[in-house]
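Have a look at the structure below, then the notes.
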Amino acid sequence: MNNKIKLAVAGAVLASASIANAGITWDAGEWTVDMNGNVNAFATMTNAKDENVIGGGLAGTKGNDQDIAAIQTGLLPNWLGFTATTRQNDLDTSITISYQPGAGGTQALTAGGNTENRQAFLTFGDKSWGSVKVGKDLGIFGSTAILNDMTLLGVGAGAAGGGATTTLGRIGTGYIYADWMGQISYTTPNMNGFSLTAGITQPWNSTATFSGTTSATSQGTNDEFALAAQASYSWTGDFAGKVWGGFYRQDVTNIGVADADGVVSGGSSDDATAYEVGVSTSIYNINLVAYGYAGEGVGTTLLLSNGFDSTGSKRDSDGGYLQATYVIPMGTKLGVSYGVSKLDGNAVDAGSLLVEENKMLTIGAYHPLTKHLNLVAEFSNVEAEAQNGVSNESDTIALGAILFF
């Protein structure tokens, strides 16, 4: 993927205020307004090979039909973002608000799918000392892992769901979703390639799966914020790259089995923690990515999903992915990636249908018809295995297009 497309991807996901990454801009008094985003849609065909229902498993299941067809958005939702920037009193300030309409639905009179509002934040700062962000934006932990995922331009896992706003890409098969969080964070200036982002975020409620059924079983504490940070070092040249590492921590209260009214009584309390490390390197037309994470109580696929068992004890989890892409002379990016996310069961989970492992192999081709428009073809094989050894497998073929502006 060429540099212009890389900037377009980053701009669409993060709604960057940098004029260098701008979409459509105009001046309005003291403000510069940037309208940016993307539109994408894919024809997906998923072949589900098994009927087993695994709690937290990401492979498609047969249900009433072995083959599932859908027209839907990929890992990136359709996106319309507005950023307004100005400099006053020696401060660069900005606001960003975005809107994400889905492109697929499974029922009449649903207007083609769900909609979301993932961003609403302000920033202020100066290149001499850094910047502060206040509001809702992409989470800190796991953010660089998803931004380096080649399925960001495509579909990956989760296509069999049909009318969701997005598919999963490699979420849950190599990294935990960074999600969109209320936060107050600080980012240092670029110091010869090194930078650090750290902040407090909204604590999540925790959910758990027991024997294949899901119920709300614990809550994020309301008297302490979640903490997250990520440090990175980037370098340029013929052999360019980036290394990064991060962590996440949150206290969790009232951990236990909910009653019929969804109330947990006399539950325990604990903390959820996770760490990550990754590297992305490029030489000539080759890009290589390696990423790994490990945690306790953070669960799998989504932060704090299945992080605790029915007795209130933490489950360990870990995973990662490897990815290689190559841009051929005609400009098409060819890529292959493989990743796995594991959830270690405790004694109480033995013999259950709780997921133990989700893994995915993806092969993709991403061809830039223009500097903004990509045609995409992907094949993904997803396998899920439960704590009791039961497994599911599904294959998805996706064909579509994504256009950035």
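A compact table of results
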quantity	calculated
Burial order of peptide ranges 115-127, 136-148 (average beta-carbon count within 10 Å, highest first)	136-148, 115-127
Estimated vicinal HN-Hα couplings, Hz - segment 275-286 in sequence order (Karplus 6.51, -1.76, 1.60; Gly, Pro = x)	9, 8, 8, x, 8, 10, 10, 10, 9, 6, 9, 9
Potential extension, residue 147-residue 87 segment - 0.36 nm per residue separation minus Cα distance	18.8 nm
Residue 33/residue 277 FRET efficiency (R0 35 Å; Cβ-Cβ; nearest 0.05)	0.40
Residue 285 paired with residue 344, simple spin-label distance in nm, labels 7 Å along Cα-to-beta-carbon	4.4
Distance (nanometres) between label positions extended 7 Å along Cα→Cβ at residue 127 and residue 405	3.0
Contour excess over end-to-end distance, with Cα ends at residue 25 and residue 205 and 0.36 nm allotted per residue	60.9 nm
Segment residue 294-residue 311, extension gain: residue separation times 0.36 nm, minus the distance between their alpha carbons	4.0 nm
Pairs from 242/314; 49/342; 49/136 whose Cα-Cα separation, in the structure shown, is over 29 Å	242/314; 49/136
Peptides ranked, highest mean first, by Cβ atoms within 10 Å: ranges 341-351, 36-46	36-46, 341-351
Inter-label distance for residue 395 and residue 191, nm, one decimal - labels placed 7 Å from Cα along Cα-to-Cβ	5.2
FRET efficiency for residue 336 and residue 268, using Cβ-Cβ distance with R0 set to 35 Å, rounded to 0.05	0.20
Packing-based order for 309-319, 362-372, using average beta carbon neighbours within 10 Å, highest first	309-319, 362-372
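Each reported figure results from applying straightforward, stated rules to the coordinates on display, with no laboratory input. Bear in mind the structure is a predicted one, so any value in this text is a computation, not a measurement. All Cβ positions, glycine included, derive from the backbone under ideal geometry; neighbour counts span all protein chains shown.
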